[in-house]
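Since the structure comes first, as structure tokens, the remarks are kept for the end.
Derivation of every value follows stated rules applied to the coordinates shown; laboratory data play no part. The model shown is predicted, which means the values in this text are computed figures rather than measured ones. We place every Cβ from the backbone using ideal geometry, glycine too, and count neighbours over all the protein chains shown.
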Amino acid sequence: MEPTLKTDANRIRGCVSQVWVQASPEAEAPGCVSFEADSDAQFTKGLAALLVLGLSGAPARDVAMVPVEFIEMLGIRQSLSPSRNIGLLNMINLMKLKALEIAAGQKVTASPEIRQERTETPTVEKGEPQFEDFGGQVH
């Protein structure tokens with residue numbers, strides 16, 4: 001990714017790492033979107049690359065409608081820390097926003113107000129050890 005594209009409008013909010021995602025209309029495929037991404041952390045760069053490879057070239061309207069359960073469909077959520085999951089969700093949501101703007105023919109920008117949080121509280125399965133069981137504190 002060109003350093004000039006690493007702008008505040010392309011920066012993912014809520015990530016521990018610095019992550020940028022840029023979107024542009026596909027030149028040879030009207031209505032489709034192409035993504036670029038970069039990060040200062042190798043692992044996050046890999047997660048961003050998965051999204052770029054999976055979503056680039058798709059119709060912008062389809063990308064804009066990707067369900068948040070997409071993370072579940074990838075099958076990697078359980079392998080990520082909570083902060084990485086939030087960062088991945090933030091990446092997907094910014095990509096969806098940028099795709100929506102491309103589909104609507106608007107200038108591609110990001111809102112600094114974008115904050116993605118989990119909408120459901122994780123539940124503890126019966127029989128799963130609690131922190132109190134180990135003398136730890138629950139935060």
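Annotations for the structure displayed:
- Taken along the Cα-to-beta-carbon direction at a fixed 7 Å, the label points for LYS45 and LYS6 span 1.0 nm.
- What you get for segment 3-112, charging only the Cβ of Lys and Arg (+1) and of Asp and Glu (-1), is a dipole of about 280 debye around the Cα centre.
- With K and R counted +1 and D and E -1, the other residues having a Cβ less than 15 Å from that of ALA41 yield a net charge of +2.
- In Å, descending, principal axis extents of the Cα set of segment 3-112: 37, 31, 22
- Cβ-based exposure ranking for LYS45, LYS98, in which fewest neighbours within 10 Å come first: LYS45, LYS98
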